[in-house]
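Presented below is the structure to which this report refers.
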Amino acid sequence: MSEALTIVEQILDEHKQIHADFKVLNQVSGDVEAAAQLQSDKTKEYFVPRSLDDEGRGLAHWKEMLRNIDSGLKAHFHKEETALSDAFKREGTPDLESALYDLLAEHEKINAHIAKLLKDADDIASGGMKIEVWEGKGWGMKVNIDQLRSEIEEHAERERELLGRMKNHLRGS
């Protein structure tokens, strides 16, 4: 197997792991959604969302998971921007290389989206345990994580299609 084909296969395997990590993060984000849907005037006296009731450990766990995804994505993006890009230059076609560069340009937007989610989590944490803070910010975080997941899935699907074309090219198909 050529070095380029090996890199293509590694990138495809990493896509599966990134998808699995997002499923776990989305489950934790359910707490954020539940808190955001509460009506504070009915609940502020007797209900504290689970993520707040644990003195912020739930939110800290969510942020840790998002940071891990961020680190994994950055490493994955770096591999695509270096080794995969080099492989496309060496063994691909001008059309394949151009299509890859279009996809690589999306990395900046994805990184900015994750940075926004981390900032939102910091904003919620700095607001203390007030349900009003969670209502205002929590819903936005839940919507944002869903949008980010969709954005990454769509990006990954376009990459899978391109990597499939590259595999066919490398195999002479």
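Brief remarks follow.
- Filtering the range 3-20 to residues that are touching a Lys or Arg at 6+ places or on another chain (Cβ under 7 Å) and of a type in the set (Gly, Ala, Ser) leaves only Ala4.
- Residue match in the range 157-173 (condition: under 17 Å from Gln10 (Cα atoms) and not in a helix (DSSP H, G or I)): yes
- Where Phe88 falls short, out of the listed (1) modelled with pLDDT of 95 or more; (2) of a type outside the set (D, E, K, R); (3) in contact with a Lys or Arg (Cβ under 9 Å, 6 or more places away or on another chain): (3)
- Among residues of the range 78-121, those that are within 24 Å of Val143 (Cβ to Cβ) and out of contact with any Gly (no Cβ under 8 Å at 6 or more places or on another chain), counted: 15
- Within the range 47-85, the only residue that satisfies the criterion of being at pLDDT below 70 and β-branched (Val, Ile, Thr) is Val48.
- Pairing residues of the range 139-166 that are closer than 15 Å to Lys16 by Cβ and in contact (Cβ under 8 Å) with a residue 40 or more places away in the chain with residues that are aromatic (Phe, Trp, Tyr) and part of a helix (DSSP H, G or I), at Cβ distances under 9 Å and at least 6 apart in sequence or on separate chains, gives Arg149/Phe22; Ile152/Phe22; Glu153/Phe22.
- Single match in Ile110, Ile124 (criterion: out of contact with any Lys or Arg (no Cβ under 9 Å at 6 or more places or on another chain) and modelled with pLDDT under 95): Ile110
- Those helices (runs of 4 or more DSSP H) of the range 79-130 in which at least 3 residues are of a type in the set (Lys, Arg), at negative phi and surrounded by fewer than 16 Cβ atoms within 10 Å (Cβ to Cβ), considering only elements entirely within it, cover 107-126.
The values are calculated or read from the model by the stated rules, or taken from the named source; none is laboratory data. Values in this document were obtained by computation on a predicted structure and should not be read as measured data. Methodologically, a virtual Cβ is constructed for each residue, glycine included, from the backbone with ideal geometry; neighbour enumeration extends over all protein chains shown.
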